[in-house]
Every structure is written in structure tokens, then in C-alpha cells.
Amino acid sequence: MTALVDTLPPVPLTKRWANVVRIHVANPWPTLVTPWLIFTAIFGLTYAIWRIVLMAAGPGGVDADAFQYNGGATWILFYMVVVAVQSMNQTFRFAMGFSSTRRDYYLGTAALFVGLSAFYAVGITVLAGVEDLTGGWGVGGEFFAPAFLADLPLAHVAYVYFATLLFMFFLGAAVGSVYVRWGATGMLVFWGAVAVLLVGTIWLVTSVEAWGSVGSFFTENSVPTIMTWSLTVSAVSALVGYALMRRATPRP
Amino acid sequence: MTIPVVEAHGLTKRFGAVEAVTDATFAVAEHGICGLLGRNGSGKTTLMHLLTGQEFASAGDAMLFGQSPVENAAVLGRTCFIKETQIYPESFRVKHVLRAASWVYPHWDAALADELVAEFDVPLGRRMKRLSRGQRSAVGVVVGIASRAELTIFDEPYAGLDAVARHVFYDRLLQDYGVHPRTILMSTHLIDEVADLLDHVLVIDDGRLVIDADADELRGSATTLAGRHSAVQAFAEGREVLTWDSLGGLATVTLTGLSDAEKSAAHAEGLDVVPVSLQQLIVGRTRGTAREELAS
């Protein structure tokens with residue numbers, strides 16, 4: 001007596017994970033294409049504003065660091081949080097209906113998040129390199145590596161983007177998995193708990209007069225070191241998301 | 001001896017205080033079309049979610065190919081589950097669904113899928129959320145047939161499909177089944193339409209499995225007698241009555257398990273003897289809960 005499944009070779013693990021990744025990019029627009037179009041649009045508008053300011057400033061010009069501070073590239077972080085939440089919600093339920101296991105789905109999706117973080121970190125860093133070579137697009141502007149990033153070597157810029165994107169993806173996955181498990185009630189309790197923890201932490205730090213040490217953590221450590229600390233939080237978020245999704249049910 | 005493709009042992013699912021499936025025990029053999037019939041809300045969908053490992057059982061076991069389906073890639077990879085409530089990612093168009101299906105199902109037949117898409121007239125480039133209910137169902141039906149999975153489970157696959165499209169579905173399913181035999185479990189409440197397709201019938205009522213029988217046996221298992229009230233009453237005396245209707249001096253009764261000799265005897269007493277359709281039979285056997293609902 002043999003089980004029917006034994007007579008047929010199982011689909012290999014790598015193929016199952018690859019399938020999950022392919023499902024995410026079956027329509028490549030939202031994850032691979034649209035972000036670059038948004039970058040093009042925001043950069044185009046920012047560049048136009050720089051030219052307008054230069055025109056208005058006249059022959060005296062502007063301060064050397066006038067175009068070094070802008071948050072034009074930060075939207076990608078919030079965009080990827082939304083991508084991650086949607087992955088745990090809609091795409092999870094789709095994949096479960098298409099014969100995936102929760103484990104294969106989560107691990108394939110995590111691989112996709114790591115891949116997307118690397119893809120965007122490298123892409124943005126290449127543009128930051130062009131920014132350096134062209135003297136800030138000819139106008140001293142810093143869009144892809146603004147503020148403190150402008151002074152870092154390109155490898156560090158890439159690392160900062162990579163770690164920050166990972167942080168956003170896995171934070172989104174953890175929050176999304178709370179929603180999938182416990183719905184709107186879960187969200188209320190979760191955000192309530194976050195608020196309590198936040199206020200509690202501020203209370204604690206203030207009562208032991210430790211704000212100085214908190215501040216010095218950020219000033220005395222290099223940016224890559226701080227980013228490495230964020231990887232710990234990302235890893236914890238990833239594990240929380242995995243633990244929650246293993247028992248999730250894809251209800252309509 | 002081969003292991004049944006689908007098995008349940010004491011399978012139970014509770015949502016809080018509500019018991020959606022109660023102590024279901026049955027088996028579905030390899031190669032055949034099995035109908036899972038029952039009223040809306042009787043637990044059909046929950047049972048199918050338990051069988052495919054999408055819901056976790058409160059008690060008992062579900063087995064596919066002799067193994068638990070929960071988080072079991074080997075058995076889920078041989079199973080295609082088509083349901084009306086399938087969720088699609090926001091950005092998905094019909095072509096993306098078919099592309100995903102071609103990766104996921106090892107026996108996917110792209111040529112067959114193209115043929116079915118043309119036959120159901122599904123717009124490949126349209127977003128899933130913009131499809132009509134019937135078109136969404138058609139996409140599910142295309143995936144269900146073209147996946148050629150060893151086990152295909154359809155949960156009310158025809159919602160929104162008109163009568164013509166439903167018959168295209170039945171015809172194409174039977175046609176492909178003839179060439180590529182597999183195990184099909186289909187829930188439906190359009191019993192008369194699918195009656196001729198079914199080899200085996202499971203009927204679930206209020207979460208409990210009430211009928212688990214071969215379709216042919218079931219078809220012969222009940223008979224309707226019609227005639228004068230007194231004659232009908234005399235004949236029905238002491239037998240198991242499924243339904244009883246009377247109008248004026250005439251009466252109609254549906255009885256279980258009449259032998260050929262008994263049917264001849266009824267005929268001899270001037271009663272009309274009519275075989276009962278699967279639908280009438282199941283309505284008769286599940287009407288108890290309807291009466292209780294009305295009374296409460």
C-alpha cells in the first residue's frame with residue numbers, strides 16, 4: 001500500500017519559492033516599474049524648482065548647501081510599507097487559493113523583500129553616483145543622497161538604503177500579519193499597544209534622565225552602525241510576521 | 001488497496017459557539033466526480049477549506065492522498081481549489097492569473113486554457129476586480145479545468161454564469177475528464193443540473209453529513225407514489241416517508257427503499273409510481289432543518 005503522493009515527485013522547494021516570487025511580480029508594474037516612474041516625476045519637479053530658485057536668485061546665486069536638504073526620495077520607504085502590507089493581505093489569500101503553503105509563501109515573500117531592497121538600494125545609489133559626478137545635476141542639488149547621506153561613501157549610501165528598505169518591508173509584513181490574523185480589532189489593539197509602549201519609553205528615559213545617552217547613540221555611532229542595529233529590529237519583525245502567518249486563515 | 005484521495009475522520013470546525021462542520025467522516029475514491037450538496041450555510045465551504053488546509057480543524061482529521069493537507073506542499077501541489085470567493089491581488093489582470101496558474105500547477109495545459117478563454121469569452125487584459133461575477137467564475141472554471149490537477153475541488157464554481165455558460169462548463173469538464181481522469185469534488189446547489197455528472201454524492205445539512213452514497217444507488221433509493229388519499233395512506237403505513245402532500249382526495253408520498261415487487265404492488269393498487277430525482281430526494285432529506293427554522 002503506497003500513498004498516492006509517493007508515486008509523484010514533489011515540487012522542489014526552490015521552485016515553490018520561485019513561484020511565490022513570480023506571483024508577486026506577475027504584474028511587474030507595482031513592484032518593479034512604477035517606483036522608477038514616480039522617482040522620475042518627483043525628481044523632474046524638484047529639478048524644475050531648483051532652476052526656478054536659481055533664476056529668482058539672480059547673479060548672486062544661492063548658498064552652497066541650498067539644495068542639499070530635501071525628502072524627495074523618502075516616499076519609496078512608505079510605498080514599500082504598503083507593498084508589504086498588501087503582500088500579507090491580498091497576495092497571501094491569492095497564493096493560498098493557488099495551492100501554496102503559508103511557510104512557502106512567507107519565505108518566498110521574504111526573499112522577494114530582500115531582493116527588492118537590494119534592487120532599489122543599488123538603483124538609487126547608482127543615481128547618487130551620477131549626482132556626485134555631475135556636481136549635483138549641474139546645480140549643486142542632492143536628491144538621491146540628500147542631507148547626511150551626501151557626505152558618506154557610496155557603499156555606505158547603498159547600505160543605508162538597503163537596511164532602511166528591509167526595515168520598512170518587514171515592519172509592513174508584521175503589521176500586515178496582525179491585520180490578517182485579527183482584522184480591524186487587531187489593528188486597534190496593536191496601535192494602542194504601540195502608543196502605550198512609546199509613551200512608556202519616553203516616560204522611562206525622562207525619569208532616569210537618559211536623553212543624553214540616547215542622543216549620543218545617534219551622534220557617536222556612524223550611520224552604518226546605526227543601520228546595523230536596525231537589522232535586529234527588522235529580523236524580529238520578520239520572525240513575528242512568520243509566527244503570525246503560520247496560523248493565518250485566508251478568509252474572504 | 002489504494003488510499004482514498006480525500007478522507008475525513010470526525011472532522012469538526014467550530015467558530016466560537018457556532019459549529020460549522022460536525023463530526024464529518026467520509027472518503028472519496030480516486031477518479032470520479034463527487035458532488036458535495038447542501039443548502040446555503042450548511043457548511044460546504046468550511047468543509048472544503050478544512051480539506052485544503054486553509055482552515056484548521058477544531059477536532060478530527062482531514063486527509064488528501066493519505067496525508068494531512070495542512071502546510072503540506074506535496075499534496076497541495078496536486079490539488080486545485082476553485083472557489084467563488086477567491087481573492088486576487090489588486091494589480092492582477094486575467095492574463096496574470098493564468099500566468100500564475102501555469103507556474104503553480106504541474107500539469108497545466110496552456111493550449112486548453114486558451115481554448116476555454118475563447119469559449120467563455122473572457123477578456124484577458126481586463127483587471128480581475130473589473131470583471132462581472134460571471135466572468136470571474138469563468139476564470140476560475142478555466143483554471144480548474146486546464147490545471148488538470150490530480151484532485152480538483154470546485155466550490156460553487158458557476159456563480160453568475162448563465163445557463164449556456166454553465167453547460168459549456170459541464171461539457172468541457174466531462175470531455176477533459178474523459179481524456180485525463182482525475183478526482184473532482186464539486187459543491188453545488190444546482191443539483192438537477194449536475195445530477196448526471198456525479199458518481200458519488202455527499203449531502204451536508206446543518207454541518208452534518210447526512211448522505212454518503214453512490215449516485216446510482218441514491219437515484220433508485222426513493223419512489224414517489226400518487227393516487228387516492230386512502231390508497232396512498234394504506235400503502236405508506238409502516239414505511240419510511242420522506243415527503244407527504246395531499247390535495248383534496250388525492251395524495252402524493254415519497255418513500256425510501258421500495259423493491260421492484262413493492263413497486264408492482266403499488267401499481268396494482270392503482271397508484272402512479274414515479275422515480276424521484278436526486279434533487280427531490282435531497283430536498284426531502286434536508287427539509288427537516290427548514291421546518292425547524294420556520295417554526296422557531
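The values are calculated or read from the model by the stated rules, or taken from the named source; none is laboratory data. Keep in mind that what you see is a predicted model, and the values were worked out from it rather than measured. Here the Cβ is made from the backbone with ideal geometry for all residues, glycine too, and neighbour counts use every protein chain on show.
Restricting segment B:3-46 to residues that are of a type in the set (Val, Ile, Thr), crowded, with 18+ Cβ neighbours inside 10 Å and in contact with an Asp or Glu (Cβ under 6 Å, 6 or more places away or on another chain) leaves a set whose member that is farthest from B:Asp212 (Cα to Cα) is B:Thr45. With respect to the conditions (1) more than 23 Å from A:Thr164 (Cα to Cα); (2) without any contact (Cβ under 8 Å) to a residue 40 or more places away in the chain, A:Trp75 lacks only one, and its number is (1).
Output yes when any residue across segment B:89-112 is over 24 Å from A:Gln90 (Cα atoms), crowded, with 16+ Cβ neighbours inside 10 Å and either acidic (Asp, Glu) or within 14 Å of another protein chain (Cβ to nearest Cβ) (or both), and no when none is. Yes, segment B:89-112 has at least one match.
Quick check on B:Val139: is it assigned to a helix (DSSP H, G or I), more than 14 Å from chain A (Cβ to nearest Cβ) and either surrounded by fewer than 19 Cβ atoms within 10 Å (Cβ to Cβ) or among the β-branched types (Val, Ile, Thr) (or both)?
no
Just one of the listed residues (B:Ser91, B:Ser102, B:Ser68) is hydroxyl-bearing (Ser, Thr, Tyr), more than 21 Å from A:Val21 (Cα to Cα) and assigned by TED's automatic domain parsing to the domain that holds B:Thr183, namely B:Ser68.
In segment A:25-51, the residue that is surrounded by the most Cβ atoms within 10 Å (Cβ to Cβ) out of those that are more than 20 Å from A:Leu112 (Cβ to Cβ) and of a type in the set (S, T, N, Q) is A:Thr46.
Condition check ((1) outside any loop (DSSP other than H, G, I, E, B); (2) in contact (Cβ under 8 Å) with a residue 24 or more places away in the chain) across all residues:
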| position | (1), (2) |
| --- | --- |
| A:Ala174 | yes, yes |
| A:Ala195 | yes, no |
| A:Trp203 | yes, no |
| A:Gly215 | yes, no |
| A:Thr225 | yes, no |
| A:Thr228 | yes, yes |
| A:Val233 | yes, yes |
| A:Val240 | yes, yes |
| A:Pro250 | no, yes |
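From the list B:Val273, B:Val201, the lone residue that is part of a strand (DSSP E or B), within 28 Å of B:Gly10 (Cα to Cα) and modelled with pLDDT of 85 or more is B:Val201. Being of a type outside the set (Gly, Ala, Ser) and assigned to a helix (DSSP H, G or I) is a property that does not hold for B:Asp212. A residue that is aliphatic (A, V, I, L, M) and either touching a Gly at 6+ places or on another chain (Cβ under 8 Å) or not assigned by TED's automatic domain parsing to the domain that holds B:Val141 (or both) occurs nowhere in segment B:25-45.
Summed over segment B:248-270, the residues that are touching a residue at least 40 places away in the same chain (Cβ under 8 Å) and assigned to a loop (DSSP other than H, G, I, E, B) give a count of 2. Does B:Ser68 fit the bill of being more than 8 Å from every other protein chain (Cβ to nearest Cβ) and in contact with a strand residue (DSSP E or B) (Cβ under 6 Å, 6 or more places away or on another chain)? So B:Ser68 fails the test. I'd like the residue in segment B:47-64 that is surrounded by fewer than 23 Cβ atoms within 10 Å (Cβ to Cβ) and assigned to a strand (DSSP E or B) and, out of all such residues, is nearest to the chain's Cα centre (by Cα). Per the stated criteria, the residue is B:Met63. Can you pull out every residue in segment B:247-269 that is touching a helix residue (DSSP H, G or I) at 6+ places or on another chain (Cβ under 7 Å) and surrounded by 10 or more Cβ atoms within 10 Å (Cβ to Cβ)? Within segment B:247-269, B:Leu250, B:Ala251, B:Val253, B:Thr254, B:Leu255, B:Ala266, B:Glu269 meet the criteria.
Looking only at residues of segment B:79-88 that are in a loop (DSSP other than H, G, I, E, B) and at the interface with chain A (Cβ under 7 Å from one of its Cβ atoms), we find that the one that is surrounded by the fewest Cβ atoms within 10 Å (Cβ to Cβ) is B:Thr85.
In this entry, B:Ala74 passes the filter for residues that are modelled with pLDDT under 95, part of a helix (DSSP H, G or I) and either farther than 21 Å from A:Asn27 by Cα or within 7 Å of another protein chain (Cβ to nearest Cβ) (or both).
Just one of the numbered conditions (1) in contact with an Asp or Glu (Cβ under 9 Å, 6 or more places away or on another chain); (2) buried (at least 19 other Cβ atoms within 10 Å of the Cβ) is not true of B:Gly144: (1).
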